[in-house]
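S.K.: Below you'll find the structure I mean.
The values are calculated or read from the model by the stated rules, or taken from the named source; none is laboratory data. Note that the structure is a prediction, hence the values are computed from the model and not measured. Cβ: placed from backbone, ideal geometry, glycine included. Neighbour counts: every protein chain shown.
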Amino acid sequence: MKISVHPYFLEFIHPFALSHGTRTGTQLAYVKIEFEGNTAYGEASLPPYLKETFDSVKTWVQSQSQSVLELLSGNPFEDPEKIPFSSENPAASAALQSAILNYYVSSKGKTLFDYFDQKDAKPDLSLTITKNDIEFLNEKSSLEKNFSHFKLKLTGASDDVDFVKLMRSKSTLPFCIDINQGYQKKEEAIQVISSLEKLDCILIEQPLNKNDHEGHYWLKQRTILPIIADESIGLYDDLLQYHEAYSGANIKLMKCGGLFQAQKMIHFTPLREEKFMKFIGCMSESSLGVSTAAVLASQCQMADLDAPYLNTNDPFEGFQILDKKIEIAHPIKLKNKALFK
């Protein structure tokens, strides 16, 4: 058995403007498993605002080699607890788990969808728009028919509401707002949120600092819009501890550690009789990463899996969103087999 980790820089079609800065792309790490003539991959996304790096992913994954060899000799779905996991290395954990599971299902002629519950319901699908996309709205509008919602990225700046009004003048597509911790003070955030209520916004994601759970709870009590956690809730333990401050959570494999951890979060139900919204989301990922997350999409109200439509050098192919439906080829294929030798 050979396990290796390969760097790849995913480049955006247009610079990506968020509250914590503008990026032209994101560093990825691909875990590659080769065993008994078969090859499988898993993906870690490593945006600069998180602590994991390519080196940390490589070091942790390679430290798990013996455990991986034992898992490949059996069925990893029988006892998911045996799959290596580290709360300090969630993206690395997600990548390694995906590679292990992809290896197993391909060896059996199956897909990941065969091993996780698939509901009849179809989730809402969102297309991301940042302030840097304003001059490219005609390009974005060509994709609009395939998605049910826009996700507008605000930055905590004075032109936030003006940006939303501009988008509202250009399209009637329903929209949600992601602020990515853009506001420092809850009083400022509630003023903007009150304006967004009047513009037919459907929800607000992560308006305040990820550690300001009390501030988010304060906002939740003062708006009719759902307040959704992203950065505030990464792991299952975060969900247990902080869910009461939010109306729902955007669950991402890169934050929680993999499909089994995400499934556990989706199954979570608050003790109180309240509706808690479940989203499946992604970071800057290739078709491999989002197709893995899409396995759980039918169990969620919304799937924020448009990352392949935001990058220009996706190394994998086989994922698309057409007519408000996710379509995945099996298996997802590496475009250039020589890329990760």
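S.K.: Evaluate the following for residue 86: is it closer than 19 Å to residue 4 by Cα, assigned to a loop (DSSP other than H, G, I, E, B) and under 23 Å from the mean Cα position of the chain (by Cα)?
M.R.: yes
S.K.: A further question follows. Within the stretch 286-307, work out how many residues are under 8 Å from the mean Cα position of the chain (by Cα) and either of a type outside the set (Gly, Ala, Ser) or surrounded by fewer than 24 Cβ atoms within 10 Å (Cβ to Cβ) (or both).
M.R.: Number satisfying all stated conditions: 3.
S.K.: To continue, here is another question. Name the residue that is surrounded by the most Cβ atoms within 10 Å (Cβ to Cβ), counting only residues in the stretch 308-341 that are of a type in the set (S, T, N, Q) and closer than 23 Å to residue 139 by Cα. Spell out how you get there, then give the answer.
M.R.: Within the stretch 308-341, the subset of a type in the set (S, T, N, Q) is 311-313, 320, 336.
Right, trim to closer than 23 Å to residue 139 by Cα and you get 311-313, 320.
On the way: 311: 20, 312: 10, 313: 13, 320: 15.
The qualifying residue surrounded by the most Cβ atoms within 10 Å (Cβ to Cβ) is 311.
S.K.: Next question. Count, please, the residues in the stretch 193-241 that happen to be in a helix (DSSP H, G or I), of a type outside the set (Gly, Ala, Ser) and in contact with a strand residue (DSSP E or B) (Cβ under 7 Å, 6 or more places away or on another chain).
M.R.: Total meeting the criteria: 6.
S.K.: Moving to a separate point now. List pairs: first in the stretch 199-221 and basic (Lys, Arg), second in a helix (DSSP H, G or I) and surrounded by fewer than 16 Cβ atoms within 10 Å (Cβ to Cβ), Cβ under 6 Å, 6+ apart or cross-chain?
M.R.: As it stands, the answer is none, since no pair meets every condition given.
Here is a yes/no grid of residues against (1) under 26 Å from residue 12 (Cβ atoms); (2) not assigned by TED's automatic domain parsing to the domain that holds residue 207:
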| site | (1), (2) |
| --- | --- |
| 52 | yes, yes |
| 60 | no, yes |
| 69 | no, yes |
| 73 | no, yes |
| 92 | yes, yes |
| 103 | no, yes |
| 130 | yes, no |
| 136 | yes, no |
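S.K.: Looking at the stretch 108-128 only, could you name the residues that are modelled with pLDDT of 95 or more and over 30 Å from residue 36 (Cα atoms)?
M.R.: Within the stretch 108-128, 118, 119, 123, 124, 125, 126, 127, 128 meet the criteria.
S.K.: Next up: What is the residue count in the stretch 121-153 for residues that are surrounded by fewer than 16 Cβ atoms within 10 Å (Cβ to Cβ) and closer than 21 Å to residue 265 by Cβ?
M.R.: Here the count works out to 2.
S.K.: Let me ask you something else. Checking residue 338 against (1) modelled with pLDDT under 95; (2) outside any loop (DSSP other than H, G, I, E, B), which test does it fail?
M.R.: With respect to (1) modelled with pLDDT under 95; (2) outside any loop (DSSP other than H, G, I, E, B), residue 338 is out only on (2).
S.K.: Would you point out the residue of the stretch 20-45, among those that are out of contact with any strand residue (DSSP E or B) (no Cβ under 8 Å at 6 or more places or on another chain) and small (Gly, Ala, Ser), that is surrounded by the most Cβ atoms within 10 Å (Cβ to Cβ)?
M.R.: Restricting to residues being out of contact with any strand residue (DSSP E or B) (no Cβ under 8 Å at 6 or more places or on another chain) and small (Gly, Ala, Ser), the top hit is 21.
S.K.: Does residue 231 meet the test of being assigned by TED's automatic domain parsing to the domain that holds residue 277 and more than 23 Å from residue 91 (Cβ to Cβ)?
M.R.: It is false that residue 231 is assigned by TED's automatic domain parsing to the domain that holds residue 277 and more than 23 Å from residue 91 (Cβ to Cβ).
S.K.: In the same structural domain as residue 236 (by TED's automatic domain parsing), within 26 Å of residue 225 (Cβ to Cβ), modelled with pLDDT of 95 or more and within 13 Å of the chain's Cα centre (by Cα): which single residue out of 266, 280, 321 fits that description? Please lay out each step first, then the result.
M.R.: Values: 266 fails: within 13 Å of the chain's Cα centre (by Cα); 321 fails: within 13 Å of the chain's Cα centre (by Cα).
None of the other options fit; the residue is 280.
S.K.: Can you tell me which residues in the stretch 35-59 are touching a helix residue (DSSP H, G or I) at 6+ places or on another chain (Cβ under 9 Å), under 25 Å from residue 314 (Cβ atoms) and outside any loop (DSSP other than H, G, I, E, B)?
M.R.: Listed by number, the residues that qualify are 38, 39, 40, 41, 42, 43, 44, 45, 46, 56, 57, 58.
S.K.: If you scan the stretch 88-143, which residues turn out to be touching a helix residue (DSSP H, G or I) at 6+ places or on another chain (Cβ under 9 Å) and of a type in the set (D, E, K, R)?
M.R.: Across the stretch 88-143, the qualifying residues are 88, 108, 110, 114, 117, 119, 120, 122, 131, 133, 139, 140.
S.K.: Something else: Among the residues of the stretch 80-99, are any more than 22 Å from residue 312 (Cα to Cα) and among the β-branched types (Val, Ile, Thr)?
M.R.: yes
S.K.: If you check residue 230 against the conditions, is it in contact (Cβ under 8 Å) with a residue 24 or more places away in the chain, acidic (Asp, Glu) and surrounded by fewer than 15 Cβ atoms within 10 Å (Cβ to Cβ)?
M.R.: Considered against the rule, which asks whether it is in contact (Cβ under 8 Å) with a residue 24 or more places away in the chain, acidic (Asp, Glu) and surrounded by fewer than 15 Cβ atoms within 10 Å (Cβ to Cβ), residue 230 comes out as no.
S.K.: Does residue 26 satisfy the criteria of being assigned to a strand (DSSP E or B) and at pLDDT below 95?
M.R.: It is false that residue 26 is assigned to a strand (DSSP E or B) and at pLDDT below 95.
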